[in-house]
Amino acid sequence: MDVPYSDILGKKNYNLASWMYERVVNTINDFEKDIRDDEQASIVISSFANNPILINDVSYWNPDIIIFDGVLVSDGSTVQVLQHTSQLNLCLIASKRRDPERPRRKIGFSVDSQEDL
C-alpha cells in the first residue's frame, strides 16, 4: 500500500520527498491559474544552467528525490531532472505552449512515485 508522506502512525512526515512533491505541484497549479491559456508553467532549476524546462510531470522518490520530466524550451529536447529536496530551488516561468490548440497538461494528475525499498 502506497501512502504518500505518512509514517506508520498516519502522521505527515515533512522530511519526505512526497511532502515536497505535494507543495511543488500545488505551487505550479496555483501559478498556472494566473497565466494565459496559450502558456504553461516552465521551470528553471538553478543547478541546471538556467535552461527553462516545460514541465510535463513531477514525481518523487522517497525519501528525498523530486523528479521533473519535460522538454527544454530552447530546442524541445526531452529532459528528466532528479533533484535532492535539500537542493530544490525553482523559478516558475510562463512559457508559450508548443501546441496551444490542445488543452494545457495538468501537473500532478498522476503520481509515479517509488517508496524506499
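The values are calculated or read from the model by the stated rules, or taken from the named source; none is laboratory data. Predicted, not measured: the structure shown is a model, and the values here were computed from it. Cβ: placed from backbone, ideal geometry, glycine included. Neighbour counts: every protein chain shown. SASA here: full protein model, heavy atoms, side chains in, ligands and nucleic acids out. Shrake-Rupley method; radii C 1.70, N 1.55, O 1.52, S 1.80 Å.
Here are some notes:
- Ordering of 88-95, 72-79, 37-44 by burial proxy (mean other Cβ atoms within 10 Å per residue, highest first): 37-44, 88-95, 72-79
- Amide H contacts of residue 62 (H built 1.01 Å from N, under 5 Å, at least 5 apart or other chain): 114, 116
- Here the gap between residue 69 and residue 101, fully extended at 0.36 nm per residue and compared with their Cα-Cα distance, gives a gain of 9.4 nm.
- Largest accessible area first, the residues 36, 102, 97, 23 order themselves as 102, 36, 23, 97 under a 1.4 Å probe with ligands, DNA and RNA left out.
- Nonlocal amide H pairs with residue 57, under 5 Å, H built at 1.01 Å: 69
- Largest first, the residues 31, 68 sort by 1.4 Å accessible area into 31, 68.
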